[in-house]
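Visitor: I'd like to ask some things about the structure below.
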Amino acid sequence: MRTPGVLSRRPVRLRLALLYSGLFLLAGAALLAVTYGVVADTLRSTVPPQKVAAITRPGSPSDKCKASATTPAQTEACKREALAAAQGIANAAVQDQRAEALSRLLDNSVAGLAVMAVVSALLGWIMAGRVLRPVHAITAAARRASEENLGERIALAGPEDELKELADTFDAMLARLDAAFASQRRFVANASHELRTPLTVMRTAIDVTLAKPERTPVQLEAMAAEVRQATVQAERLVEALLTLARSDRGTGPRSVLDLAVLAEDALDAVTPAIKSGSLRVTTGLEQGLTVGDPVLVERLVGNLIDNAVRHNIPGGWLELASGSREGRAFFSVANSGPVIGQQEVAALFEPFHRRCQHAGPDAPEGSGLGLSIVASVVRAHHGDVAAVPVPDGGLEVTMLLPASGQSHADGRA
């Protein structure tokens with residue numbers, strides 16, 4: 001069974017403290033071994049014969065041996081015996097003293113090492129707590145973070161180290177999440193409002209007609225036409241929302257597409273609106289092959305052209321171009337219209353953003369999702385899109401998609 005508490009959880013602080021103490025213990029043991037070896041090598045275990053002869057006292061047995069000796073040979077033998085005896089005694093004394101010194105050194109060093117290991121563990125615990133303090137701040141911020149509370153930041157102060165980098169990264173992640181949730185809330189609110197509008201129109205038309213005591217066929221037909229127009233608007237909005245959701249989720253089956261062909265098809269679809277607005281159309285469509293989701297890319301090109309026609313002015317102009325540029329397929333749409341400031345361009349790609357209504361008389365009201373769908377589809381295909389205001393009024397939008405790497409014959413009609 002695992003025991004509860006600190007030891008069972010093995011927190012990082014405890015592991016760091018034990019690691020510091022263990023490293024200090026290993027380093028101390030290595031230092032102790034080196035010191036013990038140096039001291040053991042320094043201390044002599046024998047006494048030189050010269051010192052033994054110098055410390056031999058008068059009246060020792062060697063002097064008596066010399067006094068009883070009758071020949072020089074006996075005297076020399078007595079000297080050797082006396083020196084050997086003194087050497088043995090001195091060596092024994094030195095060895096005992098050396099062993100005692102080494103034993104005392106070892107005992108004192110081990111005791112000191114044990115005390116310092118405990119002290120290092122305590123200091124390691126304190127230092128680990130200081131080092132991990134930013135981690136606790138990050139953990140607390142992560143626990144407090146939720147969909148309703150994403151505005152709090154760690155804002156860690158201190159040196160530019162790994163922990164500060166982690167805290168800054170976490171703050172940046174919270175900022176992105178906060179922006180994403182705020183954008184999602186705005187999108188849901190705008191979508192609800194946009195869907196409520198045609199429903200309100202239909203209900204009002206029906207209620208007004210039914211409130212009349214005697215309803216004529218003409219009144220009923222007018223109500224049906226109004227309801228049908230509101231239904232078409234709601235259907236168009238739902239279709240745009242589904243396209244946006246599909247592009248945000250990712251692309252489906254891919255195939256080789258020619259942007260020029262898609263542009264010509266989309267241009268044919270808006271021909272009535274072009275004639276109604278008396279727009280002058282200039283095309284420079286060349287083959288631009290890319291690989292992508294046919295439904296999304298077709299909607300992408302169609303939205304760009306529809307947006308250029310819808311937000312044009314009567315008697316204005318429209319320019320389309322496609323082809324290959326810098327190894328990628330491109331499609332560009334430029335149109336006349338109201339003057340747009342450079343600082344307003346980024347907002348045009350926000351969902352449900354409407355700046356102006358300069359559509360032709362027969363053009364249906366837009367949903368404000370055209371350019372936001374364009375940006376989402378381009379991101380899903382790993383491309384780029386940029387919008388530049390036209391100095392005299394209007395907008396030029398250029399998108400770049402990865403080229404297919406294949407050369408197909410021009411399939412345009």
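Visitor: Filter the range 232-259 for residues that are exposed (fewer than 15 other Cβ atoms within 10 Å of the Cβ) and at pLDDT 90 or above and give the result.
Guide: 256 - this is the single residue of the range 232-259 that is exposed (fewer than 15 other Cβ atoms within 10 Å of the Cβ) and at pLDDT 90 or above.
Visitor: Quick check on my filter: what residues within the range 265-324 are in contact with a Phe, Trp or Tyr (Cβ under 7 Å, 6 or more places away or on another chain) and among the charged types (D, E, K, R)?
Guide: Answer for the range 265-324, where residues must be in contact with a Phe, Trp or Tyr (Cβ under 7 Å, 6 or more places away or on another chain) and among the charged types (D, E, K, R): just 280.
Residue-wise test of (1) at pLDDT below 90; (2) loosely packed, with under 15 Cβ neighbours inside 10 Å; (3) polar (S, T, N, Q).
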position	(1), (2), (3)
261	no, no, no
264	no, no, no
283	no, yes, yes
297	yes, no, no
302	yes, no, no
305	no, no, no
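Visitor: Name every residue in the range 1-36 that is of a type in the set (Val, Ile, Thr) and either modelled with pLDDT of 85 or more or within 15 Å of residue 110 (Cα to Cα) (or both), in order of residue number.
Guide: Result: 34, 35.
Visitor: If you scan the range 206-221, which residues turn out to be assigned to a helix (DSSP H, G or I), free of Cβ contacts under 8 Å to residues at least 12 places away in the same chain and not polar (S, T, N, Q)?
Guide: 207, 210, 211, 217, 218, 220, 221, listed by residue number.
Visitor: Assess whether residue 309 counts as being under 16 Å from residue 386 (Cβ atoms), surrounded by 18 or more Cβ atoms within 10 Å (Cβ to Cβ) and either touching a residue at least 40 places away in the same chain (Cβ under 8 Å) or not aliphatic (A, V, I, L, M) (or both).
Guide: Taking the combined requirement at face value, the residue does not satisfy it.
Visitor: Mind listing just one residue for me: the one in the range 367-392 that is among the aliphatic types (A, V, I, L, M) and either at pLDDT 90 or above or not in a helix (DSSP H, G or I) (or both) and, of those, surrounded by the fewest Cβ atoms within 10 Å (Cβ to Cβ)?
Guide: 386
Visitor: Can you tell me which residues in the range 324-344 are closer than 20 Å to residue 306 by Cα and assigned to a strand (DSSP E or B)?
Guide: Across the range 324-344, the qualifying residues are 330, 331, 332, 333, 334, 335.
Visitor: Does residue 120 fit the bill of being of a type in the set (Gly, Ala, Ser) and loosely packed, with under 15 Cβ neighbours inside 10 Å?
Guide: Against the criterion (of a type in the set (Gly, Ala, Ser) and loosely packed, with under 15 Cβ neighbours inside 10 Å), residue 120 does not qualify.
Visitor: Can you go through 168, 178, 207 and tell me which one is surrounded by fewer than 13 Cβ atoms within 10 Å (Cβ to Cβ) and of a type in the set (Asp, Glu)?
Guide: The match here is 207.
Visitor: If I go through the range 133-151 residue by residue, how many of them are buried (at least 17 other Cβ atoms within 10 Å of the Cβ) and either outside any helix (DSSP H, G or I) or of a type in the set (Gly, Ala, Ser) (or both)?
Guide: The number of residues fulfilling the criteria is 3.
Visitor: Does any residue in the range 260-283 that is in contact (Cβ under 8 Å) with a residue 60 or more places away in the chain come within less than 6 Å, Cβ to Cβ, of a residue that is among the hydroxyl-bearing types (Ser, Thr, Tyr) six or more places away or on a different chain, and which pairs are these?
Guide: Close Cβ pairs satisfying both conditions: 260/322; 263/322.
Visitor: Right, here's the next one. Report, by residue number, each residue of the range 95-117 that is closer than 30 Å to residue 18 by Cβ and in contact (Cβ under 8 Å) with a residue 60 or more places away in the chain.
Guide: Listed by number, the residues that qualify are 105, 106, 109, 110, 113, 116, 117.
Visitor: Do the conditions hold for residue 126, that is, is it on the phi < 0 side of the Ramachandran plot, surrounded by 15 or more Cβ atoms within 10 Å (Cβ to Cβ) and of a type outside the set (Phe, Trp, Tyr)?
Guide: no
The values are calculated or read from the model by the stated rules, or taken from the named source; none is laboratory data. Just so it is clear, the structure is predicted and the values come from calculations on it, not from any experiment. Positions of Cβ are generated from backbone atoms using ideal geometry, with glycine treated the same way; all protein chains shown enter the neighbour counts.
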